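The values are calculated or read from the model by the stated rules, or taken from the named source; none is laboratory data. For clarity, every value in this text was computed on a predicted model and none was experimentally measured. Neighbour counts run over all protein chains shown; Cβ positions are idealised from the backbone, glycine included. Side chains are part of the model used for accessible areas, which takes the heavy atoms of the whole protein and leaves out ligands, DNA and RNA. Shrake-Rupley method; radii C 1.70, N 1.55, O 1.52, S 1.80 Å.
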Amino acid sequence: MAVVYWSHMSNTIEMLGKIMGSAARVKLMRLFLFHSGHGFTREELIKKTKANVTTLRGELSLLEKSEFIFKKDAIRPVLTKTGKPTGRKKKAVVYVLQSSFPLLEPLRALLLESELIALPDLPSRFKSAGKIKLMMISGIFMRDMERSLDLLIVGDKLDASTMQKQIALIESEVGKELRYATFTTEEFMYRMKMYDKLLRDVFDYPHQKLVNTIAIEHLS
């Protein structure tokens with residue numbers, strides 16, 4: 001399946017937001033399309049899409065009225081503030097994608113088969129995390145869900161907190177958790193020499209280098 005790229009577009013989510021009505025709606029629809037059959041509470045949707053409560057309430061109401069999603073009662077585990085299960089359960093209202101929605105396939109083509117994020121801008125998102133020597137995309141960004149990694153980043157003294165924050169923001173736009181790995185230059189070169197399975201799962205399949213200041217040009 002061909003990957004569609006839009007040139008001269010600083011923010012893909014903004015472009016789709018203009019078409020669909022809002023960026024928050026795009027994030028929600030992508031999330032539901034990527035997780036067909038899974039129910040999300042409002043709290044989970046706020047966390048995953050980074051939308052505020054008022055915006056989320058309005059978008060959920062619109063999507064429910066259009067019958068793109070429906071809500072139902074579910075039993076969910078009670079979690080601590082740190083997200084760990086307490087062993088108790090509670091009733092909760094969850095929102096689920098309506099599998100019989102007549103326009104699902106056209107929406108999948110528009111929201112999932114187009115460029116998920118503006119790839120040329122991806123390195124700049126991590127600029128404040130430190131100097132990145134290698135950034136590669138694979139997996140979901142190449143429409144290959146079988147790969148072990150979607151994003152590989154190599155750099156020294158990278159700020160882990162900043163990295164995680166940016167990853168979370170990207171996940172909110174993509175609509176799916178990313179499989180990613182970060183290595184120091186030394187760790188990366190050692191793994192390359194050892195023909196590390198995780199790295200080969202990136203290099204031996206469709207991938208793209210967005211940043212490359214390490215001497216690995218001979219690799220495909």
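Tabulated values for the structure
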| quantity | calculated |
| --- | --- |
| Label-point gap, in nm, between Lys65 and Ser99 - each point 7 angstrom along Cα→Cβ | 2.8 |
| Subset of Lys84/Lys197; Lys27/Lys165; Lys157/Lys197; Lys65/Lys89; Lys65/Lys90; Lys50/Lys90 violating a 21 Å alpha-carbon distance limit | Lys84/Lys197; Lys157/Lys197; Lys65/Lys89; Lys65/Lys90; Lys50/Lys90 |
| Accessible area of Asp121 in the full protein assembly, 1.4 Å probe (Å², nearest 10) | 50 |
| Percent of Cα-Cα distances greater than 21 Å, calculated over the chain | 60 |
| Under the span-like rule (Cα at least 15 Å along the axis, Kyte-Doolittle mean at least 0.0), DSSP H helices of the chain | 23-34, 53-65, 160-174 |
| Kirkwood Rh and Cα Rg combined as Rg over Rh, evaluated for segment 4-103 | 1.03 |
| Rg(Cα)/(2.2 N^0.38 Å) for segment 129-206, N = residue count | 1.09 |
| Carbon + sulfur, % of accessible area of segment 1-153 - ligands and nucleic acids excluded, 1.4 Å | 55 |
| Ranked order, Glu115, Glu146 - accessible area, probe 1.4 Å, largest first | Glu146, Glu115 |
| Per residue accessible area in Å² of the chain, where ligands, DNA and RNA are left out and the probe is 1.4 Å | 56 |
